[in-house]
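The block underneath contains the structure these notes are about, expressed in structure tokens.
Every number in this text was worked out from the coordinates using simple rules, so none of it is lab data. Source: prediction; values computed, not measured. Here the Cβ positions follow ideal geometry from the backbone for every residue, glycine too, while neighbour counts run over all protein chains shown.
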Amino acid sequence: MNKSTASKMILGLALASSIGLAGCSVGVSDEGQDNTQNAEQASTQQQGAQPEDGGSMTQESEPAESAEASAAASDEEQDSNAEGASSGDGVTADSLDSLASTTVRTQIGDDKDAALTVELLSVERKGELIEAIYGFTAKTDATNLTASVFELNDNSQFWPYLIDQKNLNRHSLVRKASDNAAKIKLMSNKRVTGKFVFPAPPQDVHEMDFQLWRGAEMAKDVKID
């Protein structure tokens, strides 16, 4: 073999080897790029799904906790009424004497011959407000009573008012500071109470008339201080 032929063979082998290596490099690069794109797409899909799932779980869990807290608060209010200690200053309802009262005939539960006694138990001037404690006694033989003051008031809120006879002014209820009639649960032949707040009259007014129940006679000349 002459020198020219040997040189050509070496050059051919070198060229073939170079082409083979170049082909392998391109193949690895394409496959790697495809895998990277697939991984990025999968990651994006997972990241996109997490907020939706997480949001859904959060929206479901928060109302559940809120409902439980609301139920617990409602139970506490009912327990407080059941114990007769709703006057707000540690005085039980049973220990309060009635300043004025009225009794109205009404149906309570299945008892069509029942009656409701409404009492004004205490009145106190507190700065620019008048705070009054009302008592409600369902006189009935009905058992497992579930009715509230709201229901006995024709499914309406109990919003009594006061009259300042000296200045001929009517003082309406401060609703946000007063008890909700729907949460004042009645008990058979046992007094439960509610707190009701009104704007106070001028300092030179010392007596006011109190509405006890719709259609009933007003409690006249009740001392407020």
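Some observations on this one:
- Count of the range 136-167 residues which are free of Cβ contacts under 8 Å to residues at least 60 places away in the same chain and in a loop (DSSP other than H, G, I, E, B): 19
- Filtered residues of the range 170-225 (kept if part of a loop (DSSP other than H, G, I, E, B), closer than 16 Å to LEU116 by Cβ, in contact (Cβ under 8 Å) with a residue 60 or more places away in the chain and not aliphatic (A, V, I, L, M)): TRP213, ARG214, GLY215, GLU217
- The range 155-187, residues that are under 18 Å from ASP110 (Cβ atoms) and either among the basic types (Lys, Arg) or surrounded by fewer than 18 Cβ atoms within 10 Å (Cβ to Cβ) (or both): ASN155, LYS185, MET187
- Selected residue (criterion: nearest to the chain's Cα centre (by Cα)) from residues of the range 154-171 that are over 18 Å from PHE136 (Cβ atoms) and of a type outside the set (A, V, I, L, M): HIS171
- Exactly one residue out of VAL197, VAL174 is in contact with a helix residue (DSSP H, G or I) (Cβ under 9 Å, 6 or more places away or on another chain), more than 30 Å from ALA142 (Cα to Cα) and hydrophobic (A, V, I, L, M, F, W, C): that is VAL197.
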